[in-house]
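Taken together, the values in this text are just the output of simple stated rules run on the coordinates, not laboratory data. Here the structure is a predicted model, which means the values were calculated and not measured. Ideal geometry is used to build each Cβ from the backbone, glycine not excepted, and the neighbour counts take in all protein chains shown.
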Amino acid sequence: MRDHGDKYHQIDQSSFLALMRRQLADDLDTDCSPVSMPGACGVLFRVRLRSHGYVVAAKCTPAYFAHRLRWEASIYERLRPIQGIHVPVHLGNIDLETPYFYEGIADLVHMMFLSFGGHLISQHLTTENKALVSEQVRLSADAIHRLGVLHKDLMPRNILWNEETGRVMVIDFERAEIEQRTVLGAISVNRKRKKPAESLGKPAQRKPSACTLEIRRAMFELNGMTQSIRCG
């Protein structure tokens, strides 16, 4: 993690979570502020760990949505090999000792910490860099899919551009699913049946995979954004 300057400090996850839990138990208002409107299951916060100067992102949610953040945390753990490259670094989850009463709407009680991922891709995308950005989105999506995860909401609102790394980072895995890979057993030659297309001498067409369809949808949305920029 990086502080407000250029120095790095060594701290393990358990120490970070213990310090953050203690700080937020004492004071929920200083160095802890919402930076977005409520999303599907919570609010994004900017939180600063005063003892070390770390500034991190935090998703905070009511008790009835806490299971969704815990699921998202489990997805980030599966994606650990590509954290900090294609997805933010997951720093852990905690239950707040004192609920954060958000705008008179809800008591937020569960918080998930992430490294800063970047800015929305819509703030970076231009007609000139469209090809580069599209390729970076494909690289990140492929890396996620290779680890057996389907994002299920791979839209521009969940794609960031990280200036520091010059890469795309994908966020918001609360709807993600683990891809179930089918294991095929041996098939007897005598029992193998021809498909209708094969019996007519036509090659059978394979349906695109869920991973392929997910990337296609993301590309479609990015193309639409580029068209809007050109027309504007």
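Calculated FRET efficiency, residue 130 to residue 167, Cβ-Cβ distance, R0 = 22 Å: about 0.85 to the nearest 0.05.
Summing charges over all other residues whose Cβ lies under 14 Å from the Cβ of residue 173, with Lys and Arg as +1 and Asp and Glu as -1, gives 0. With only the Cα atoms considered, segment 13-114 has a convex hull volume of 101 Å³ per residue. Each label was represented as a point 7 Å from its Cα along the Cα-to-Cβ direction; for residue 95 and residue 122 these points are 3.6 nm apart. Inter-label distance, residue 147 to residue 217: 2.0 nm, where each label sits 7 Å from its Cα along the C-beta direction. Contact order for segment 13-114, expressed relative to its length and based on alpha carbon pairs under 8 Å spaced 6+ residues apart, stands at 28 percent. If you wrap the Cα atoms of segment 82-154 in a convex hull and average its projected area over all directions, you get 7.0 nm². Near residue 23: Cβ cut-off under 13 Å, other residues only, Lys/Arg at +1 and Asp/Glu at -1. The net charge is -1. All C-alpha pair distances within segment 28-186, sorted into 5 Å bins from zero, spread as 2, 9, 17, 20, 18, 15, 9, 5, 2, 1, 1, 0, 0 percent across the bins.
Taking other C-beta atoms within 10 Å as the exposure proxy, 37, 169, 219 rank 37, 219, 169 from fewest upward. Could you work out the local net charge near residue 96, counting Lys and Arg as +1, Asp and Glu as -1, over the other residues with Cβ closer than 11 Å to its Cβ? Here the charged neighbours net out to -2. Label reach from residue 105 (point 7 Å along Cα→C-beta): in segment 14-37, amide nitrogens under 12 Å belong to 34-37.
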